[in-house]
Amino acid sequence: MTAAIQATAEPETPAAQDQSRPRRGRHPLLRYALRRVAAAVVILLVLSVLVFLACSVLPGNAASAILGKQASGVALAHLEREMGLNRPIAYQYWTWLTGLVHGNLGNSAAGYAAGGQISVWSQISGKLANSAILATAAFVPIVAVSLMLGVGAALRAGRWVDHLISVTTLVPAALPEFVLGALLVGLFFGSLHLLPPVSLIPPGGSPLDTPSLLVLPVLTLVGVCVGPAARMIRAGMLDALEADCVAVARLNGIAERRVVIRYALRNALAPSVQVVAMIAQYLIGGLLIVEYMFGYPGIGQQLVNAISIHDNLEVQSVSMLLAAIYVGINIVADLVVMTLVPKLRTGGA
Amino acid sequence: MITGVAEDLDIKQRAKRRLALPPTLAGKIGLIMLAAVVLLALAGPELAPYSPRLTVGAPYAPSGGHFLLGTDVLGRDVLSRVLFGGRTVLIYAGLATILAYLAGLAFGLFAGYLRGWPDQALMRSVDVLLSFPALVFILLVSTAAGQGIIPVMVATAIIQAPAIARIVRTATLEQSVRGFVEAAVARGESAISVLRREILPNIARPLSADVGLRFTWSVLLIASVNFLGLGLQPPAADWGLMVSENWGGIGANPAAVLVPAALLGLLCVAINLLSDSLAGGRQWQ
Amino acid sequence: MNSTDRTPAPLQGPSRRAFLHRTASAGLLLGAGAGLAACEHQTSALSTLAKPRRGGRLRIGITGAGNQESLNPSSAAYTLINLAMATAVFDTLIILNPDLSLAPGLATSWTSNRPATEWTFDLRPGVTWHDGKPFTASDVIYSLRWMAAPGNGLAGLVSNVDLAGIRQSGTSKVVVPLKTPDLLFPQTICDGYIIQDGEKNFVHPVGTGPFAFQSLIQGEHSVFLRNPHYWDHPKPYVDELIIYSLASDTARVDALISGQIDVCSQVPFTQARTGLGNGFSLLRSPGQSAYAFYMAVDKPPFDDVRVRQALRLLTDRQQLIDVALDGFGTVANDLYGRGLEFYDNGLPQHQHDVAEARSLLRAAGHGSGLTLDLQTSDIAPGVTAAAALFQQQAAAAGVTVNVTQANPSAYFNPAELYLKMPFAQTFWSGYNTLQLFYQYALMPGAAGNETHWDSNDTTSWIQAASSASSAAAAGRQWAAVQQQQWSEGGYIWWANVDNLDAASDQVGGIRPGPLLNLGLPTSLANAYFIA
């Protein structure tokens, strides 16, 4: 999974762009944030068109997905009319887009099937919450462990500890999530009978009521993600340790411990935030597989099911939701970096 | 200026270094593992005792007896299918990676050399593509284009190309302001020629650092899509597909799932160890 | 003539889901072989002896259908989970037992006039809806008319009904006139769920059934509470019913073994073969569902009857059952409906004969080889495996079969692939009168005419048989239809598939039957925990 953490869009620093002009105006951070948000909106708009077009090319549509074998003739035409699927494509796109912007994801096809109205949001809000719980439960250990391992390995670069960490993190990271998940299930359920293999959440309950349900999915995500993340943290830390100011500090006789904490860690902060952002973005894709495997009732499983039955409306809306979260993570990460590393704001050395 | 000559020497030296054995023990182990897996994948079909698509026994017969690794969901010999199943992994992941590099190189060189608005246009498109979760993208594209492995492969290539394009673009930008390039331009060389002779060799190193990882990611992405049932279709023999189609029999004949899974893992681990070692950790920056 | 609009349930999703649409079969099984009626069922030894205990929360895992899950009874045909939920909340006029016999439901008795063109149902007194309103004849009349609405999955049940003429007679009788005579109308109407007069919205459904609706989250679970005023005292026995929607086969079985659910529907063959461990029993019954390959008889090379016959001959049905179904099936004879009334048991079983197949192909001009494209899909357990096996079997006779796999949703979607594939697979279930099946499958323009069959003879035989006024007359016509299908038809019916479910030994009252999985439709009300 090493490269599964994608490179994110380049952080555009205000400094990089305005080097020739004197800095003017207050709140450079705010202006930066606004500019990034504006760029993100443009990106999301372009994506929304692409996703909508891709989904309209998908064979079948939400109405035929509901009707299945009945999807023909009067029945299909009737349902399509009800769902607004017979309108021109541009109109459908516009209705969908304006709905999204207002937080209204439209009415679920399931509602039409039941003869009433069920909003898409009411259907996915619970699953979104479940996915958020799973993602957070995985995020925290991944970040903590990869920070520890990455910094630790960097500080002892070249020694046996470094190599040990390198090798032990390499193996699970090289496995696809479904393989690692299968091995874990085989171990913890098949052999040890310790943990449930399926994330069955009783009605009215939340995953937090039965935390043992979360263990295997979280372990799978952690196993796959920690290795690459730790290596990137290590690389960033090594860079920081070799920076000029650190060398200068050492030459000046400052104690190593203080050098590390005051200079190196600070410089390693920016790339580490990027790594944390990548972890969050990885989780979005990782959730798809893991939720499907363990039957965890989250948004990832919802998307895979929707794609399988060609419920295009659902696919559109959920894809855009995930894309918006993905883009949002980028922006937040860049803002955090900006805040933590003042020199990026001012462009000074 | 003699920089051109000096750079030439540099290139030759670098080429020699690239072909040398990996410096660390881990790297050497990785190389051996990789060679073993690739050999198995390529030569396997010659050694298979049975046809990979023929039912030869009862489903999920355990290993031993006639069938070294037992039989799979359809009573086919697992050993034979494993021996046949590496080719598709190498081919499709390999093709996807090559396509990604071709596209990334083309766009990155173009943008980095010309600069100006083509650069901006390209970089904004890259941003758009990078703003979408990879697996979701592949699922959407492959479903829109119809089920099968070709759309999955193309989608995998598309989703990796932007990152490569960005690296190439940055490297091209850096290189194109160097003296020898300006000299070549001043000599009247065409853009294509400059790109090919001056710039391309010098961006090879930043690119080659993560070839291995890209290939690994292609392997994993495609295997995951196959697992979800949206890529390669039965009755093809493919390690990733074998894991998902024999899932239900993991209790009856675990080898049918575990052996192809282990081979997939070995492949990826080997590549990681090797490329890690070749990139030298931190030594060659 | 009426064209039925009932569909064998569509399948969709990443894993397989079986859909059933059940109909009744006649009380008498004329000339039926030992077959389905005398099916063996294994239930846990304990459950048949122990007394039902009141109370408890029954958790059932059923193959999920995601957003297609709905409590609209018109969609009960689409998936097993919808059907299970519908039988929990709603009742029908007549109940079909798992062994295909009829029992009174909301109608205590039913009679017809001599020519069977008018049926009268006596309604059960003292029944109330879950919201307290009394059940009356107007509910029945409204329901029958509602079923006929375009797009309603149950429209086929009432396609022969003269809707305008349905009337109440006295306080508790409903008279249903038909357009043409139908001896088997009670069997047909067994699937017609009765809803409240004026009801259109099923987001919070109200029924008369053993359980009252509590909540539904598509793709996750649905919850139902015991109806204390249910007319069939003392049922239901359990206090609460939770149906978990689990798409993945392994997830369902794992959930049963780990104690997260009590009953698991549609156990995969492999797991059934290897066993589930102590404390769990397999609920197995030879089933009504049949699997087939089909050929469009208007497309070359299938338009040559010798090619069709040859392909039937080179199918090794027993091997298909042994490998694709792990042995959980019985060989079929290129005819649908074994065990049903009027099924022709006298026709000899088609054998596996490669030599004969080759000579037929040679005669048809394909002596040097034939290449075919078979489209398969993961629509039911064992279907894709059968395709791969068929490919191997055909190769033995010099026929090259290229297998491609399609998306299950698209496979049964007439807007995408359904009825457009010249060589594909199908499975049919729950069409328990030959009439309903043949009207749906062999009439030109019918919604299920997979083989593109268009023959005046067949059409007139089917029409005559469906509206015959005597069993003997019907039998003659059905024999003609079946003889023709057996010798020249476009189907290769290769197996009847067993119904396979599993339950914890703590659960009793679920009797497996050939009709549907889980002993539906009566099992939810009958289920109990062992005392």
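Each value in this text was obtained by applying a stated rule to the coordinates, not by laboratory testing. In this text, all values refer to a predicted model and were calculated from it rather than measured experimentally. FYI the Cβ positions are ideal-geometry reconstructions off the backbone, even for glycines, and counts take in every protein chain you see.
In the protein assembly as shown, the DSSP-assigned H stretches of four residues or longer account for a calculated mean residue ellipticity at 222 nm of -16000 deg cm²/dmol, using -39500 (n - 2.57) per stretch and the full residue count as denominator. Normalising the average separation of contacting C-alpha pairs (under 8 angstrom, six or more residues apart) by the number of residues puts the relative contact order of the stretch B:12-117 at 21 percent. Residue order for A:W96, A:W121, fewest other beta carbons within 10 angstrom first, comes to A:W121, A:W96. Cross-link pairs exceeding 27 Å in C-alpha to C-alpha distance, out of C:K51/C:K173; C:K173/C:K200; A:K127/C:K420; C:K133/C:K200; C:K133/C:K235, comprise C:K51/C:K173; A:K127/C:K420. Largest first, the three principal axis extents of the alpha carbons in the stretch B:44-278 are 74, 35, 25 Å in whole numbers. Short-range pairs are left out: with C-alpha atoms under 8 Å and at least six residues apart, the relative contact order of the stretch C:473-531 is 26 percent.
Where both partners of a DSSP beta bridge lie in the protein assembly as shown, what percent of those bridges are antiparallel, to the nearest 5? Of all bridge pairs located within the protein assembly as shown, approximately 80 percent are antiparallel.
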